[in-house]
Amino acid sequence: MSGRFSPLAPASLFLDATGTPFSERYQDVYHARNGALEQARQVFLRGNGLPERWHGRASFTVCETGFGLGRNFLALWQAWRDDPQRCGRLHVLSFEAHPFSAADLAVASRELPADLRDAAGQLVRAWPVLLPGVHRLEFEGGRLTLTLIFGRIEQTAREAQAGVDAFFLDGFAAARNPEMWSPALFGQLVRLARPEATAATWCASGDVRRALRDAGFLVSRAPGLGGKWQTTRAVLRPGLGRGLEAAEPGPVLVVGAGPAGAGMARALAMRGRQVVVADPQLAGGRGASHRGHLAAALTPLVSRDDDLRARLSRAGVLRALHRWQSLPGSARPQRVGTVELLRDASQDEQRRLTLQTMGFPEEWVRWMDAGEVSRRVGLPINRPGIFFADGQLVRPEPLLDALLDHARIDCRATRILRLQREGAGWLAQGDDGQVFSMATVVLANASEAAALLSTCPDVVELPKLRAGWRLAGQVSYFRPDAAAHDPATVLSAEGYWLPQVDGVNVGGSTYLPNAAASEVTDSGHRFISEQVADMLGVDAGRVGEWLAEGAGWAGWRAVVAGRLPVFGPVPKAPGLWLACAYGSRGLTWAALAGDLLAASLEGEPLPLERTLQNAVAPR
Ligand SMILES: Cc1cc2nc3c(=O)[nH]c(=O)nc-3n(C[C@H](O)[C@H](O)[C@H](O)COP(=O)(O)OP(=O)(O)OC[C@H]3O[C@@H](n4cnc5c(N)ncnc54)[C@H](O)[C@@H]3O)c2cc1C
Ligand SMILES: C[S@@+](CC[C@H](N)C(=O)[O-])C[C@H]1O[C@@H](n2cnc3c(N)ncnc32)[C@H](O)[C@@H]1O
């Protein structure tokens with residue numbers, strides 16, 4: 001996407017003379033004038049053999065090419081909810097280049113019949129910030145998922161991964177909106193399709209039917225609404241259909257109980273998988289791998305060309321926000337926001353230009369002058385900055401404890417020494433003699449993943465991982481002499497200064513390559529004190545006096561070249577996954593990587609673009 005970033009162009013609600021939502025951009029109505037819901041039920045649901053086709057299925061996936069006001073989605077949701085024989089889980093993947101704002105969706109929902117208003121209200125409340133990329137929404141306790149991909153379908157269809165059973169083809173009229181009916185798009189839809197997938201549309205154009213046929217569908221005509229005009233139905237030709245399928249149900253072994261392992265375990269357990277998590281640190285409790293790590297920050301990045309790291313951080317922060325906001329008490333990250341202070345005039349200019357080019361909504365990120373920064377942070381600050389409302393303050397130990405606290409997660413205090421293939425699965429041996437035999441194993445053990453992988457003789461070499469390294473570092477704990485130094489937000493510049501937790505402000509951090517050990521040191525305290533002093537505009541000696549006695553936390557960061565995390569399947573080793581090299585942003589990647597693996601195992605639409613998956617893939 002670098003180099004061809006195009007900002008999202010949202011839609012705004014406009015009704016034509018008949019009161020039907022109308023797009024001025026495409027000069028067409030969003031649905032048939034005699035009713036969106038009737039059209040949804042007759043054309044899209046009936047046209048795809050629903051609800052009957054989902055009967056007896058554990059899950060069923062629908063893909064729609066144009067989310068619009070979500071009328072089809074709401075009709076589908078209602079049909080699923082009202083059907084006693086509904087499939088266990090319903091996944092909807094939908095593309096949209098011009099999303100409405102939540103406010104417009106709310107206004108439009110007033111026209112809906114009473115029995116749909118509750119669902120419409122839930123959709124509005126879950127509606128994501130209008131940023132390009134994949135957004136995953138969940139309803140009905142996670143049994144109904146909506147994966148929205150914002151951006152032009154010409155680009156985003158090839159970023160999607162799913163196993164689709166039914167397609168709702170719902171662009172504007174083909175003459176005005178040809179991108180939504182093109183042979184190239186239909187080719188991508190066939191890539192996403194499962195065997196026997198069907199498609200339906202109100203569109204009866206001969207060109208569209210031919211394009212569907214050429215892509216691999218058997219196409220037929222069907223009567224339209226009230227028998228007035230024709231619609232199109234299609235079924236995938238036998239022999240086609242390679243979309244994602246669910247893997248065999250079965251337990252998963254996760255090696256490592258830090259943020260990577262805990263994020264994985266949680267995502268799997270909440271989808272019904274049994275998970276064993278192995279880590280010697282678990283002898284000290286579920287949060288022990290980050291014992292004493294009082295607080296950390298979870299903050300998105302921006303870059304001038306919206307590079308991979310920036311896109312990935314956006315996906316990660318949004319996923320963490322979604323996944324972890326329902327956790328109890330101190331495990332729940334606090335959405336305090338982050339102010340990134342700008343160093344000098346040149347960085348200031350660069351950042352402003354970046355934000356202008358990206359066209360991101362202000363509710364995601366915005367520039368602030370020094371006055372506004374000071375008001376937001378609640379401290380006098382003499383630099384401008386950019387503010388991310390979704391920046392979060394995290395307490396790693398209670399977070400890990402809560403993530404691993406699940407009836408389907410079995411925590412075992414053991415170090416995995418060896419891994420080997422066993423039939424179609426894997427055999428892992430712990431240092432206390434425990435042996436685990438599982439079809440799926442995730443190595444989430446940071447810089448030790450490469451060594452563990454090398455114990456397995458016939459697994460391919462992964463040069464990126466083998467060449468990885470680790471960086472020691474510490475944070476320091478301060479008790480300032482006045483409340484006037486406690487920020488309301490995460491404050492970041494060269495270092496960071498976090499809002500108080502248990503009366504302590506955490507300042508960070510040091511980066512020490514080639515260290516033999518990772519420990520809290522006086523020189524580390526001095527370095528951090530200087531960074532904090534610089535941010536707060538106070539004397540470094542004074543900040544040094546605030547140091548809580550001997551206090552801080554030291555740990556390691558596992559890193560590979562390019563500084564992207566590594567998560568995904570190990571090539572030519574079915575069932576073996578990696579989730580490591582999380583560097584200095586482990587909390588940003590943990591929920592996302594967990595959901596990506598779990599979604600792959602369950603055959604759900606994947607919550608991350610293919611380009612980004614490739615960027616973090618182990619190879
Ligand atoms: C000073 C400092 C400050 C930081 N601040 C932040 C911050 O503000 N925000 C942020 O997002 N990130 C921060 N980080 C980075 C963050 O801590 C890491 O990205 C994160 O810990 C990585 O998670 P992980 O689970 O991959 O690795 P770890 O947390 O290192 O956990 C790996 C686990 O694997 C276990 N293990 C290893 N080998 C085996 C084996 N063979 N068998 C079983 N278990 C094994 C280990 O015992 C360990 O518990 C900071 C890091 C440091 C050092
Ligand atoms: C007919 S409307 C869909 C109505 C919708 N299914 C509903 O239930 O409300 C077509 C939708 O396709 C979207 N669209 C048009 N061109 C697109 C493109 N190139 N990529 C993605 N979406 C596009 C439009 O913004 C519009 O929301």
Fully extended contour minus Cα-Cα distance, from GLN325 to GLU111, at 0.36 nm per residue: 73.9 nm
Pairwise label distance in nanometres, GLU362 with ASP16, each label 7 Å out on the Cα-Cβ vector: 3.4 nm
Against the rule of thumb 2.2 N^0.38 Å, how large the Cα Rg of the stretch 1-102 comes out: 1.25
Additional length obtainable on full extension of the chain from ALA424 to ALA488, 0.36 nm per residue less Cα span: 17.8 nm
Derived scalar couplings ³J(HN,Hα) [the stretch 521-534; Karplus, 6.51 cos²θ - 1.76 cosθ + 1.60; whole Hz; x for Gly, Pro]: 10, 5, 5, x, 4, 5, 4, 5, 4, 5, 5, 5, 4, 4
Interchain or long-range residues, amide H under 5 Å from ALA551's placed H: TYR477
Percent antiparallel among DSSP beta bridges (both partners in the chain, rounded to 5): 65 percent
Neighbourhood charge, 14 Å Cβ-Cβ cut-off, centred on ASP522 and excluding it, Lys, Arg +1 and Asp, Glu -1: -3
Taking the stretch 176-272 and dividing mean pair separation by its residue count, relative contact order in percent (alpha carbons under 8 Å, at least six apart): 29 percent
Net charge, ALA428 excluded, C-beta distance under 15 Å - Lys, Arg +1, Asp, Glu -1: -2
Backbone N within the stretch 375-411 under 16 Å of label point (7 Å from ASP502 Cα along the Cβ vector): 394-402
Efficiency of FRET from Cβ geometry, ARG176 and ARG352, R₀ 60 Å, rounded to 0.05: 0.95
For the stretch 420-544, diffusion coefficient by Stokes-Einstein and Kirkwood Rh (Cα), 4 °C, 1.567 mPa s, µm²/s: 72 µm²/s
Point-to-point label distance, SER523-HIS406, nm (Cα→Cβ direction, 7 Å offset): 4.2 nm
Nearest-ten-degree value, helix 71-81 long axis tilted from longest Cα axis of the chain: 90 degrees
The stretch 224-354 - Rg over Rh from alpha carbon coordinates, Kirkwood radius: 1.16
Nearest-ten-degree value, helix 259-269 long axis tilted from longest Cα axis of the chain: 40 degrees
Pairs of Cα atoms farther than 16 Å apart, the stretch 66-112, %: 48 percent
Neighbourhood net charge (12 Å Cβ-Cβ; Lys/Arg +1, Asp/Glu -1) for ALA446: 0
Amide H partners (placed H, <5 Å) of LEU417, local residues excluded: GLN429, GLY430, ASP431
Convex hull of Cα atoms in the stretch 389-458, direction-averaged projection (nm²): 7.0 nm²
Rg/Rg_ref, the stretch 350-411, where Rg_ref = 2.2 N^0.38 Å and atoms are Cα: 1.70
Range of Cα positions in the stretch 481-578 per principal axis (Å), largest first: 58, 31, 24
The chain, relative contact order in percent, only Cα pairs under 8 angstrom and at least six apart counted: 15 percent
Volume per residue of the C-alpha convex hull in the stretch 54-203, rounded to whole Å³: 114 Å³
Long-range Cα-Cα pairs in the stretch 285-338 (distance over 12 Å), rounded percent: 72 percent
Ordering of 602-608, 123-129 by packing [mean C-beta count within 10 Å, highest first]: 602-608, 123-129
Protection proxy ranking of 315-325, 251-261, 512-522, 20-30 - average other beta-carbon atoms within 10 Å, highest first: 251-261, 315-325, 20-30, 512-522
For the stretch 420-491, the fraction of alpha-carbon pairs in successive 10 Å shells from zero, as %: 14, 33, 18, 13, 15, 7, 0
Mean Cβ neighbour count within 10 Å, used as a protection proxy, ranking 306-314, 32-40, 217-225 highest first: 306-314, 32-40, 217-225
Inverse of mean 1/r across different Cα pairs in the chain, Kirkwood, Å: 25.9 Å
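Values in this text are rule-based calculations from the coordinates and carry no lab data. What you are looking at is a predicted structure, and each value in this text was computed from that prediction instead of being measured. Cβ atoms come from the backbone with ideal geometry, glycine included; neighbour counts cover every protein chain shown.
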